[in-house]
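The values are calculated or read from the model by the stated rules, or taken from the named source; none is laboratory data. Fair warning: this is a prediction, and the values are worked out from it, not measured in the lab. Cβ coordinates were reconstructed from backbone atoms using ideal geometry, including for glycine residues, and neighbour counts include every protein chain displayed.
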There are 2 protein chains.
Amino acid sequence: MPAADDARWLAAAAALAERARPLSRPNPGVGAIIVKDGKVAGRGWTQPGGRPHAEAIALDTAGDAARGATLYVTLEPCAHRSERGPACADLVAAAGVAQVVIGMADPDARTAGIGAARLADSGVAVRCADLPAADLGLAGHECATVLGRPHVTLKLAMSLDGCIAAASGESKWITGDIARAHVHRERARADAILVGGGTLRTDYPALDVRLPGLETRAPERWVLTRQAAPEGWQALPSPQAIGGMEGVRFLFVEGGAGAAAAFLQHDLVDRLLLYRAPILIGGGRTGVGDIGLASLADAHGRWRREDIRPLGPDTLEIYTRTR
Amino acid sequence: MPAADDARWLAAAAALAERARPLSRPNPGVGAIIVKDGKVAGRGWTQPGGRPHAEAIALDTAGDAARGATLYVTLEPCAHRSERGPACADLVAAAGVAQVVIGMADPDARTAGIGAARLADSGVAVRCADLPAADLGLAGHECATVLGRPHVTLKLAMSLDGCIAAASGESKWITGDIARAHVHRERARADAILVGGGTLRTDYPALDVRLPGLETRAPERWVLTRQAAPEGWQALPSPQAIGGMEGVRFLFVEGGAGAAAAFLQHDLVDRLLLYRAPILIGGGRTGVGDIGLASLADAHGRWRREDIRPLGPDTLEIYTRTR
């Protein structure tokens with residue numbers, strides 16, 4: 001089957017994986033689709049708490065149709081038995097699946113390649129598309145496994161001239177309803193939200209998810225401070241301490257300028273979400289404080305534009321850190 | 001003929017008009033296309049210094065084919081005889097053109113409607129598409145006629161966080177080669193470029209046009225200062241004085257932050273060209289100084305996004321002032 005079909009079905013599996021996130025935490029949110037004769041025979045995604053796995057659900061929904069079919073799965077199927085269920089590689093082989101297309105090999109060195117090998121040993125044809133983790137919704141899993149820390153998104157809502165507030169401190173509102181709804185959707189996909197100590201003291205932001213049906217999805221609330229956190233909040237003493245945020249795979253940093261600068265200075269931002277309103281403020285408060293840049297040359301080559309799209313009158317720009 | 005065809009041919013005429021700009025100054029750069037049986041029979045644009053007019057050139061190139069044809073012209077044909085040539089409305093009627101489609105009625109109250117009426121009186125079918133002046137390359141003519149001042153474009157080359165330089169003042173380079181070449185093209189389309197006094201003293205910018213074949217197109221250089229201008233420069237004492245910039249129809253303001261703020265504060269910017277590099281500077285120098293904004297609400301509803309497009313790694317955002 002041509003590679004274009006692989007990419008198409010894996011993108012569909014990745015879309016299913018979005019349903020797993022963030023409820024599957026700390027397990028990766030995986031998506032799986034079983035295709036037979038060009039039609040979807042089964043599909044699944046990691047269930048809340050991490051089990052059952054996506055492959056198990058997809059096999060269940062496919063039933064006998066799995067025999068001779070192709071399984072598209074965003075992450076390499078697991079090869080280890082656990083107390084919580086059998087290894088997916090064994091389940092897939094037992095169901096008679098003819099071939100498995102894997103979006104990304106498991107970056108965890110303890111399991112990388114082992115699931116694929118188990119499948120191949122059982123006579124299943126296996127190939128790995130090696131897609132970027134971000135395209136598969138697995139950036140959090142990759143960061144946790146490879147870097148020992150959550151995947152970090154920094155959000156800034158700014159004017160055209162880079163201000164997040166007027167000189168007076170007024171910041172409501174820079175962006176419009178559609179952009180703010182988009183922020184709430186991004187919150188709902190995160191495990192934790194963080195703001196700086198100054199922002200917490202000044203704004204005491206709710207950081208809730210005000211979207212119909214997602215009201216209960218508000219992530220953990222964290223504040224960047226060496227002091228005690230107020231009730232309902234957890235304290236992160238420094239950006240470098242994010243490795244200790246237990247179970248957090250996707251961290252959403254909402255500012256202000258000091259927190260943004262602290263994370264950027266330590267190169268701990270993987271993704272920028274820039275909401276840009278069609279206004280000029282002029283001499284306002286800027287979104288990013290001093291990041292210790294020695295020269296302009298050092299600033300280049302670090303960010304790649306992933307997307308620019310209108311959100312009503314505003315514009316969303318998405319950049320990812322090149323590594 | 002359907003309106004969609006009108007728009008298509010007028011867009012083609014507007015593209016021709018770009019060839020007139022800025023050499024036709026202070027006359028508007030007009031484009032004209034003569035179409036017969038769906039094919040271009042003649043075309044023209046305003047010649048350097050303003051004469052001959054676009055219609056005269058188009059009629060010359062069409063010759064006998066103009067009889068019974070349709071003339072698409074970006075601006076209403078003139079109805080006044082001058083020492084420099086006959087009225088275009090008379091020329092068009094005499095050539096036997098069957099119909100004329102006008103992009104925009106002349107905003108000059110002394111001639112508005114008169115050219116169209118002269119054509120109609122001669123038996124030519126006339127209709128006016130009433131397109132925006134900006135779409136026709138006539139924004140400078142409209143501003144000069146209606147507002148008594150040049151059309152003003154403010155250009156800013158910024159980082160994602162709105163900085164035009166590092167805290168140290170280092171500003172070379174924020175944007176890349178493609179964006180800088182685009183700036184030079186924009187300079188070549190302007191009649192005058194202006195920078196602030198601080199920028200002139202600090203950077204002494206060449207403001208030349210470093211594009212093959214356009215090296216001679218460097219516009220007049222102006223500096224915003226109440227003091228005497230250095231040799232090769234002209235002094236503009238304040239933004240409100242732009243009405244006195246004789247013969248200037250398109251003014252290109254290149255910064256710095258003080259000049260940008262001065263023009264914005266007096267609502268004298270019609271178009272924003274924002275070149276955005278994929279870098280974060282953090283705590284750098286911002287592109288727009290204090291513009292006296294009383295509240296965020298006052299900042300909204302003033303700018304409309306016209307275009308966002310990639311220029312290599314950078315992004316160009318174009319906004320126009322809603323009026």
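Below are the figures for this structure:
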| quantity | calculated |
| --- | --- |
| Strands (runs of 3 or more DSSP E) contained in the range B:37-147 and holding at least 2 residues without any contact (Cβ under 8 Å) to a residue 60 or more places away in the chain, more than 30 Å from B:Val269 (Cα to Cα) and of a type outside the set (Phe, Trp, Tyr) | B:39-45, B:99-104, B:125-128 |
| Residue count for the range A:1-40, restricted to those that are among the basic types (Lys, Arg) and either farther than 23 Å from A:Arg185 by Cβ or more than 20 Å from the chain's Cα centre (by Cα) (or both) | 3 |
| B:Gly38 being out of contact with any Phe, Trp or Tyr (no Cβ under 9 Å at 6 or more places or on another chain) and crowded, with 16+ Cβ neighbours inside 10 Å | no |
| Listing of strands (runs of 3 or more DSSP E) fully contained in the range B:152-269 that carry 2 or more residues being within 23 Å of B:Gly282 (Cβ to Cβ) | B:163-165 |
| Scope the range B:303-318; condition of a type in the set (A, V, I, L, M) and more than 7 Å from every other protein chain (Cβ to nearest Cβ); matching residues | B:Leu311, B:Leu316, B:Ile318 |
| Residue in the range B:158-171 that is within 14 Å of chain A (Cβ to nearest Cβ), surrounded by fewer than 22 Cβ atoms within 10 Å (Cβ to Cβ), touching a residue at least 40 places away in the same chain (Cβ under 8 Å) and more than 27 Å from A:Gly289 (Cα to Cα) present | no |
| A:Ser24 of a type in the set (S, T, N, Q), under 22 Å from A:Ser122 (Cα atoms) and at pLDDT below 95 | no |
| In the range A:282-302, residue nearest to the chain's Cα centre (by Cα) [restricted to those that are more than 16 Å from B:Ile174 (Cβ to Cβ) and at the interface with chain B (Cβ under 7 Å from one of its Cβ atoms)] | A:Gly287 |
| Which listed residue is closer than 15 Å to A:Arg276 by Cβ, touching a residue at least 60 places away in the same chain (Cβ under 8 Å) and among the β-branched types (Val, Ile, Thr), from B:Val288, B:Val253 | B:Val288 |
